[in-house]
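Student: What follows is a structure written as structure tokens; I'll ask about it next.
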């Protein structure tokens, strides 16, 4: 049985939150200014400070500071006043006030939604009377708990992906997605309470706690998604009156996202995962409701709201993805899949103006995708990079072997040095075309790196031969004059593209096609790239290079297979 034991009159706008927000905002701005010259550690520290700020703005034990919660409720439920005589039944009197000594809930009475709102009002009134020392102690307790959660988040990143601390954009992205998620959690609860769409005890069902891990899974991968999911679920559960179901739902959704990470290639896939997240939320909500012995209709109502919240998380993700990709320069599989469209202006030009290069790019794409799949690299990035790696040949398509007509070779009229300049220039020309058509950075890097600093061997040997014939006894031809400008491939996908490009080109000059000849040719090219140091900057291991070699041999043999001769048409001439 609950009775009001003290005297209090509420007033709109009272509470300590409004006075602290400007100072907190100024402090946050100062920290952001310092981040320009600091590492990812400070960015993650700011994530903890942001969560603490949201906790303070939400305040107290149930996540709403007295000033916010009481102002919202004062527009719906009567204020508490202890100076007037009792009103019967625990309901507001004729003047809209609950009198001192009023019994809010009788022992053994079935608690209704209105009773819960009255108890929430009573709890807010008690917290509003807390002293400054009590409020500081509560804020300190929240800070300690959040700091523990932050340490766990940092530990996950440090153990599984320590490179994120040296990558400022990645660290800043982590901060943004977690802070936006916590801000939306706070905003959703406050707006629901103000509009009284849900009672206080059910308002936490609409918290989009799975937004941060979903964004991180799509944009950054599994490890940041795990850390973001743990951090936001932990912080949101503290904000939501230490509700274990919030943490359970958030972390279960994170586990689901870890299984789906790497497969977000379509918007439909994201919406499908959002529905599954909603189902996880509904399951956690149902379990918590059964523990609290809620009525069956209330359980169904809350489960439906939880199911819808997963759909809303997916919708918000789709809205934020293009903006985050643009701001942080990230390329998702969704963007790469759009570039696979053969109606892209550059690919259409390639098919019309340089058909030999176009066909070569398609064959390289098949080889690169198979090799990337063999080592667990990004197959979609490998394919798209292969499509666009030779777009620079559009500037002078007739100077490249696959487009040269047998009757007229323009290199017959050029010196080896001039021919080399024309050939190597297609990398720079491709860079210009890629930038003008706003291709993503990973594809631009592939265009720049797909030859590394390799030799233009044909013209080097031609120049060396001419040197021997015409200038016997003079200095030999410098190899550096016949090299591509680089840089060398620095990712697994670009290294695979470099090898696949050379393998496909060499396969066209094979006099005899057989499994043995194909295997020898692939091994020779791979060995030459290793000896020339073209793979020194990429993270491919020797075991992965073996897998790449096997995948290229298998795929190329199937691409170059010979057809059985058809029998003569016996009816011909009859």
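Here, each number is a calculation from the coordinates, and none is a lab measurement. This is a predicted model, so every value here is computed, not measured. Backbone-built Cβ (ideal geometry, glycine too); neighbour counts: all protein chains shown.
Student: Could you tell me which of rounded, prolate or oblate describes segment 223-374, using a ≥ b ≥ c as the square roots of the eigenvalues of the alpha-carbon gyration tensor, with rounded for a/c under 1.5 and, failing that, prolate when a/b is larger than b/c and oblate otherwise?
Tutor: Details: a/c = 3.17, a/b = 2.88, b/c = 1.10.
In terms of gyration-tensor shape, prolate.
Student: Okay, moving on. Along the Cα-to-C-beta direction of residue 425, a point sits 7 Å from the Cα; which residues of segment 485-506 have their amide N less than 16 Å from that point?
Tutor: It comes to 485, nothing else.
Student: May I pose another question? Calculate the FRET efficiency for residue 508 and residue 183 from the Cβ-Cβ distance with a Förster distance of 51 Å, rounded to the nearest 0.05. Walk me through the numbers before you get to the answer.
Tutor: Working: r = 57 Å, r/R0 = 1.12.
Efficiency, from the Cβ-Cβ distance: 0.35.
Student: Let's test the formula: R0 of 56 Å, r as the Cβ-Cβ distance of residue 304 and residue 542. What FRET efficiency results, to the nearest 0.05?
Tutor: On the way: r = 55 Å, r/R0 = 0.98.
It comes out at approximately 0.55.
Student: Also, quick follow-up: Label residue 159 and residue 436 with points 7 Å out from Cα along Cα→Cβ: what is the distance between them in nm?
Tutor: If labels sit at residue 159 and residue 436, their model points lie 5.2 nm apart.
Student: Determine, from the Cβ-Cβ distance of residue 337 and residue 103 and an R0 of 51 Å, the FRET efficiency 1/(1 + (r/R0)^6), rounded to the nearest 0.05.
Tutor: Numbers: r = 63 Å, r/R0 = 1.24.
The computed FRET efficiency comes out at 0.20.
Student: Further question on the same structure: Assign one of three labels to segment 430-519, namely rounded, prolate or oblate, based on the Cα gyration tensor with a ≥ b ≥ c the square roots of its eigenvalues; rounded applies when a/c is under 1.5, prolate when it is not and a/b is larger than b/c, and oblate otherwise.
Tutor: Working: a/c = 2.76, a/b = 1.36, b/c = 2.03.
Here segment 430-519 falls in the oblate category.
Student: At a 10 Å Cβ-Cβ cut-off, how would you order 340, 538, 498, fewest neighbours first?
Tutor: Working: 340 14, 538 21, 498 25.
Lowest to highest Cβ neighbour count: 340, 538, 498.
Student: Separate question: 7 Å from Cα along Cα→Cβ at both residue 396 and residue 131: what's the point-to-point distance in nm?
Tutor: Result: 8.6 nm between the two label points.
Student: How much length is gained on full extension from residue 528 to residue 166, taking 0.36 nm per residue of separation minus their Cα-Cα distance? If you can, show how the numbers build up before the last one.
Tutor: Numbers: separation 362, 0.36 × 362 = 130.32 nm, distance 3.36 nm.
Between residue 528 and residue 166, full extension yields an extra 127.0 nm.
Student: Okay, moving on. Rank by packing, highest mean first: peptides 228-241, 505-518, 524-537, with packing defined as the count of other Cβ atoms within 10 Å averaged across residues. Mind dumping the intermediate values first?
Tutor: Values: 228-241: 26.7, 505-518: 13.0, 524-537: 15.7.
Packing proxy ranking, top to bottom: 228-241, 524-537, 505-518.
Student: Could you tell me whether segment 510-551 comes out rounded, prolate or oblate from its Cα gyration tensor? Rule is a ≥ b ≥ c as square roots of the eigenvalues, rounded for a/c under 1.5, then prolate if a/b exceeds b/c, otherwise oblate.
Tutor: Details: a/c = 3.93, a/b = 1.81, b/c = 2.17.
Because a/c hits 1.5 or more and a/b fails to exceed b/c, segment 510-551 counts as oblate.
Student: As a footprinting exposure proxy, order 275, 156 by other Cβ within 10 Å, with the fewest listed first. Could the numbers behind the result be given before it?
Tutor: On the way: 275 13, 156 18.
Placing the least packed residue first, the sequence is 275, 156.
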